[in-house]
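Some notes on the structure that comes next.
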Amino acid sequence: MSKLLVITYPSMAIGYRLAGVNVIEAVEGDDFVEIMNKALKTEDLGILAVEDAILNKLPESFVKRIEKAALPLIVPVSTPAKWKGEKKGESYILRLIRRAIGYQIKIKR
């Protein structure tokens with residue numbers, strides 16, 4: 001079974017953990033390339049959700065290299081500033097998952 005792993009800031013990590021998701025916390029000043037490499041070594045990793053701000057700080061050559069791999073699927077996630085911003089991010093994730101697994105899923109709250 002494929003695993004889900006999230007790389008996010010400490011302020012968001014508790015929410016993912018409460019949902020039962022494995023989390024790697026990153027703070028400003030950390031070596032984000034090292035953190036990503038550690039995450040990519042996770043056994044049976046299927047989806048790696050990464051805070052969008054962290055992805056934007058990675059070197060372009062590194063991002064292109066990891067995007068070429070079939071697995072894990074790298075999903076950028078943004079912390080919504082407002083509740084209305086959440087639906088946009090959620091629909092993007094749903095489209096990525098549908099493309100990856102071949103069928104639509106419904107997220108219940």
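Looking only at segment 12-34, residues that are aliphatic (A, V, I, L, M), out of contact with any strand residue (DSSP E or B) (no Cβ under 8 Å at 6 or more places or on another chain) and touching a residue at least 12 places away in the same chain (Cβ under 8 Å) come to 2 in all. Under the condition of being closer than 15 Å to GLU51 by Cα, in contact with a strand residue (DSSP E or B) (Cβ under 9 Å, 6 or more places away or on another chain) and either part of a strand (DSSP E or B) or at pLDDT below 85 (or both), the residues counted in segment 1-11 number 5. Looking only at segment 25-52, residues that are surrounded by fewer than 17 Cβ atoms within 10 Å (Cβ to Cβ) and within 11 Å of the chain's Cα centre (by Cα) come to 2 in all. Taking (1) at pLDDT below 90; (2) out of contact with any strand residue (DSSP E or B) (no Cβ under 8 Å at 6 or more places or on another chain) in turn, ASN37 satisfies each apart from (1).
The values are calculated or read from the model by the stated rules, or taken from the named source; none is laboratory data. Since we're looking at a predicted model, the values are computed, not measured. Ideal geometry is used to build each Cβ from the backbone, glycine not excepted, and the neighbour counts take in all protein chains shown.
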